[in-house]
Amino acid sequence: MGFPRMARVRQKFHAPRVGDIAGEVERQLAGLHLEKTIQPGETVAITAGSRGIANIAEIIKASAEHFKRIGAIPIVVPAMGSHGGGTAAGQREIIESYGITEEFTGAEIRSSMETVILDTTPQGIPVHFDKHAFEADHVLVCGRVKPHTGFVGEIESGLHKMMLIGLGKHEGAKIYHRAILDYSFAEIIKAVADVVLQRGKVVGGLAIVENAYDETGLLAGVAPGDFYDREKELLVTAKEWMPRLPFDSVELLIVDEIGKNISGSGMDTNVIGRKFRDRSATQRDQVSCKRIFVRGLTNETHGNACGIGLSEFTNQRTADAVDRNTTKINCITGGHPSAGAIPVAFETDREVIEAALQTVGLTEPEDVCVVQIADTLHLGEVLVSEAYLSEIETRDDLELLTDFGEMEFDEQGNLIPVAAAGATALAH
C-alpha cells in the first residue's frame, strides 16, 4: 500500500510571552498586599497540580519566595484529585517529576490523600478539602486557566477547578464528577467554590495562561473575591491563545504522545474535536478528525492512559505501557470510563497506518489528509500530507519547512516522532 507523502509545516500563532517568570510572580503577588492578611510565622499552602504547565517549578518557587519575604512559611500541597494512582506518594512523585522539589522551591512538600469536609453545598454535596491545606493558616490557589476538555461555561478549567478537583483529592473528585451527572457543571463549580472560599482560608490565587507555543503568556494575582469574574476574563484570553490543528478537517490524526501532563483527557478534546463525543466530531466542535492513532504515552503520565479511548488505533507498545490500575482509577473518578478503553492495536506503526488508511472512505491511501503532531500542547510545527499543499500555498499563517517526502519509519517499522522528523528542513 502506498502512503501519503509528508512535509513539516510551521504554524504562526499570536503568542505573548512572560520573559521574567520570577519577577512577574513577585509583581502579581505583591499587588495583592498579602502581608496585610498573613502574619509572620504563619503557613501558606501553595497548590501544585498534575498538568504539564510551562515553568511550573519556577512559578511555585517564586511564590514560595514571596511568602518568605513577608515572613510566612510556604508549603507545597499536591492538588490533583485522583492522579498518581490516588496515593500520596504517587502525587508527590508527579510534582517532583516537574522539578517541584523541596530542594528547588525551598518549601516543604506535604502530600496526603486525607481530606476534611468543610461544609455541604445547597445540593447536599460534601465539600472535601486537602488535610494539609486545611491545617495551614492560608492557601494560595495556583493553576492554569484554559478550556475544559468536557464542559462548557463561563468558568471551565482553572482556579475554580483546583479548589474542587485538586484540593478535593480523590474523595472530592469522585463526588463532584458524580454530581455533575445530576446538576450542571456551572452549578457544582459555583457551589463548591463558594464553600472553599468561605471556609478554606484561601488568601489569593495565581492564575496562569499559556500561549499557543506552550509558553507562559500571562500571570495574574487574583484576590479571593475576584476569583469568578477574573477567571471568566482569563478564560476568554486562554481560548484566543490556545493552539489548534492547522486544518479543520483531518482524515487521520497521528498523535506521538498523550498524557495527563498534556491534558486532563490525555489529548485536548478542544484540539482534536472530540469534546462532546468520544469517537467523532459534533456540530459544536470546530475540528473533525475521522480517525486518530495514538503512538505513545509521555513519561510524566506514569502509565495513566486516560484519553486513549478517544482514539480508534494504537500500537502494541503503547497498550503494554498502560498502567491499568492508575488509568482505571482516574477514568472512574472522572465519570468517563470509556476514556480508558484500549483501541485496536497493531505491533508496528506501519501496520496501524495501513489499517487506518483503509477506514477513512473512498480516498486513495496516497491522497488521505494526514496530520502528525507531537501532542496537543505542542502544535507549532507539525507534519502534514501532500493533500493539503494547495491550501498551504494560500495561507499566510502556515510555512512549509521541508519538501514532501515518504513517511519516515525506523528499522522496527515505527514512525519517527515529529520532534525528530524532517531533518532536511529548508532554510527559513
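Observations on the structure shown:
- Residues in segment 164-218 that are of a type in the set (D, E) and under 17 Å from the mean Cα position of the chain (by Cα) were compared, and the one that is modelled with the lowest pLDDT is D214.
- Filter pass, S280 being more than 15 Å from D214 (Cβ to Cβ), part of a loop (DSSP other than H, G, I, E, B) and either in the same structural domain as G158 (by TED's automatic domain parsing) or out of contact with any Leu (no Cβ under 9 Å at 6 or more places or on another chain) (or both): yes
- Checking each residue in segment 137-154 for being surrounded by fewer than 23 Cβ atoms within 10 Å (Cβ to Cβ) and among the aliphatic types (A, V, I, L, M) picks out only V152.
- Considering residues of segment 353-374 that are surrounded by fewer than 17 Cβ atoms within 10 Å (Cβ to Cβ) and aliphatic (A, V, I, L, M) only, the residue farthest from the chain's Cα centre (by Cα): L362
- Close pairs from segment 145-157: first under 18 Å from L167 (Cβ atoms), partner crowded, with 20+ Cβ neighbours inside 10 Å and among the polar types (S, T, N, Q), Cβ under 9 Å, at least 6 apart: V145/S157; H148/S157; H148/T269; H148/N270; E156/T149; S157/T149
- Within segment 375-395, tally of residues that are part of a loop (DSSP other than H, G, I, E, B) and either touching a Phe, Trp or Tyr at 6+ places or on another chain (Cβ under 6 Å) or buried (at least 22 other Cβ atoms within 10 Å of the Cβ) (or both): 5
- For segment 319-349, the set of residues classified as crowded, with 23+ Cβ neighbours inside 10 Å and more than 26 Å from F151 (Cβ to Cβ) consists of D349 only.
- Scanning segment 293-320 for residues that are of a type in the set (D, E, K, R) and either more than 26 Å from Y98 (Cα to Cα) or in a helix (DSSP H, G or I) (or both) returns E300, E312, R317, D320.
- Residue within segment 127-148 that is under 15 Å from the mean Cα position of the chain (by Cα), within 17 Å of E187 (Cβ to Cβ) and assigned by TED's automatic domain parsing to the domain that holds I60 present: yes
- Near pairs, Cβ below 7 angstrom, 6+ apart or cross-chain, from segment 2-19 (within 17 Å of I353 (Cβ to Cβ) and free of Cβ contacts under 8 Å to residues at least 60 places away in the same chain) to any residue that is crowded, with 16+ Cβ neighbours inside 10 Å and of a type outside the set (K, R): none
- The requirement of being charged (D, E, K, R) and under 16 Å from V141 (Cα atoms) is satisfied by R51.
- Near pairs, Cβ below 7 angstrom, 6+ apart or cross-chain, from segment 309-322 (among the hydroxyl-bearing types (S, T, Y)) to any residue that is modelled with pLDDT of 95 or more and part of a helix (DSSP H, G or I): T314/I308
- Residues (out of contact with any helix residue (DSSP H, G or I) (no Cβ under 6 Å at 6 or more places or on another chain) and either more than 17 Å from V222 (Cα to Cα) or not assigned by TED's automatic domain parsing to the domain that holds V139 (or both)) located in segment 35-51: Q39, P40, G41, E42, T43, R51
- Among the residues listed as I53, I94, I60, the single one being assigned to a helix (DSSP H, G or I), within 30 Å of V322 (Cβ to Cβ) and modelled with pLDDT under 95: I94
- Leading residue by the ranking (surrounded by the fewest Cβ atoms within 10 Å (Cβ to Cβ)) among those in segment 20-48 that are charged (D, E, K, R) and over 29 Å from the mean Cα position of the chain (by Cα): K36
- Taking first residues from segment 167-183 that are assigned by TED's automatic domain parsing to the domain that holds G264 and over 8 Å from T115 (Cβ atoms) and partners that are of a type in the set (G, A, S) and at pLDDT 90 or above, no Cβ contact under 7 Å between residues at least 6 apart in sequence or on separate chains turns up.
- Entirely in segment 114-162, the strands (runs of 3 or more DSSP E) that have 3 or more residues that are out of contact with any Leu (no Cβ under 6 Å at 6 or more places or on another chain): 115-120, 138-144
- When R17 is tested against (1) exposed (fewer than 15 other Cβ atoms within 10 Å of the Cβ); (2) among the basic types (K, R); (3) not in a loop (DSSP other than H, G, I, E, B), just one condition goes unmet, and that condition is (3).
- Contact map, segment 284-298: first residue closer than 11 Å to V360 by Cβ, second residue aromatic (F, W, Y) and part of a strand (DSSP E or B), Cβ cut-off under 7 Å, separation 6 or more or different chains; pairs are R291/F313.
- Qualifying residue in segment 228-249 (condition: crowded, with 24+ Cβ neighbours inside 10 Å, of a type in the set (D, E) and over 16 Å from the mean Cα position of the chain (by Cα)): yes
- All of (1) over 19 Å from K201 (Cα atoms); (2) part of a helix (DSSP H, G or I); (3) of a type outside the set (A, V, I, L, M) hold for G99 with one exception: (2).
- Any chance N299 is in contact with a Ser or Thr (Cβ under 6 Å, 6 or more places away or on another chain) and of a type in the set (S, T, N, Q): no
The values are calculated or read from the model by the stated rules, or taken from the named source; none is laboratory data. All values reported here derive from a predicted model rather than from experimental measurement. Positions of Cβ are generated from backbone atoms using ideal geometry, with glycine treated the same way; all protein chains shown enter the neighbour counts.
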